[in-house]
Amino acid sequence: MMAATFSQATPVVRRRPANAFSMLIRAGLVLTIVMLPALALAASAWPRGFVYLRDIDPTIVQDIRYAGSHNFVGRPISGYLAAECILSEPAANALATVQRLLAEKKLSLIVWDCYRPKRAVDDFLRWSKDPAQSEMKAEFYPRTDKEALFALGYLAKRSAHSRGSTVDVGLVPAAFSAAPPPNPSQPLKACTSPKGERFDDGTIDFGTGYDCLDVLAKTSNALVGAIARRNRQTLKSLMQGAGFRPYAREWWHFELINEPFDGGSFDFEVSASPSSNERPRR
């Protein structure tokens, strides 16, 4: 025998229409939740231990080339959403130490690249295999075969920058703030040209421009002038004193010896700091 079944109508609950004030409150709450502070959003994607350099020392000049078009590729590089220096905290603190020493000399650090996402390294590799992309050769690698850049050690399939404790740096006068962008109507000048003829990046004379993929960029190259050799040695000594290791092929490249993420590679994007007055990409 089947059990009896009963049906009962569900009572209808009548709700008062929400007034305009309560609707605004709800909308504002949703908007607040969605529009979290930029720092929280960026930091949530980072491994613990990374910082914005400007939060450690805002006096260090930043000219993050791979976020713009004035680099050896000629366009923004994958993974760089902002012209911002992000580093491991020990590396950022070490740079701040160098900056304090430079103040006595009326000089300042300038950083061109810091943490570099792995996707940017992969972007360089793809670019190197496309012979049609050579718009910036006249400035950045005028005497070097593009296809040989990896074999010669100017680029790497696994970059130390992706570990977050490697920096590309130079020295500028303490009063320097920013270099004017290149004039697109002017022809490119070789990075190997003397200071005053090559692109003026604001630095004291180091014998070549930044990211000059040429033998003249070797730290100990005797073909650069005496002033440039002395300036390279000054930068090298200061960075070594703060715990960095130089790279013989590039006078601007330094790796923190006691880096906290040795052996790994990160791929989170370079995003803007809330305290940044970032210049537009160029």
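The values are calculated or read from the model by the stated rules, or taken from the named source; none is laboratory data. Because the structure is a prediction, the values reported are computed rather than measured. Note that each Cβ is placed from the backbone with ideal geometry, even for glycine, and that neighbours are counted across all protein chains shown. The accessibility values were calculated without ligands, DNA or RNA, using every heavy atom of the protein model including side chains. Shrake-Rupley method; radii C 1.70, N 1.55, O 1.52, S 1.80 Å.
Quick rundown of the values:
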| item | result |
| --- | --- |
| Test: residue in the stretch 172-194 that is open to solvent by 10 Å² or more (accessible area, probe 1.4 Å) and closer than 14 Å to residue 250 by Cα | yes |
| Residue check, residue 246 at pLDDT below 95 and either open to solvent by less than 80 Å² (accessible area, probe 1.4 Å) or out of contact with any helix residue (DSSP H, G or I) (no Cβ under 9 Å at 6 or more places or on another chain) (or both) | no |
| From the options 207, 202, residue that is open to solvent by less than 20 Å² (accessible area, probe 1.4 Å) and more than 22 Å from the chain's Cα centre (by Cα) | 207 |
| Cβ-Cβ under 6 Å pairs, at least 6 apart or on other chains, the stretch 93-112 side open to solvent by 70 Å² or more (accessible area, probe 1.4 Å), far side of a type outside the set (S, T, N, Q) and modelled with pLDDT of 95 or more | 106/174 |
| Residue that is farthest from residue 59 (Cα to Cα) [pool: residues in the stretch 113-159 that are of a type in the set (Asp, Glu) and open to solvent by less than 30 Å² (accessible area, probe 1.4 Å)] | 123 |
| Exclusive hit being more than 19 Å from residue 86 (Cα to Cα), in contact (Cβ under 8 Å) with a residue 24 or more places away in the chain and part of a helix (DSSP H, G or I), set 120, 138, 156 | 138 |
| Subset of the stretch 71-92 [among the hydroxyl-bearing types (Ser, Thr, Tyr) and either out of contact with any Lys or Arg (no Cβ under 9 Å at 6 or more places or on another chain) or open to solvent by 40 Å² or more (accessible area, probe 1.4 Å) (or both)] | 78 |
| Hits in the stretch 184-207 - residues which are in contact with a Lys or Arg (Cβ under 9 Å, 6 or more places away or on another chain), among the small types (Gly, Ala, Ser) and more than 13 Å from residue 139 (Cα to Cα) | 207 |
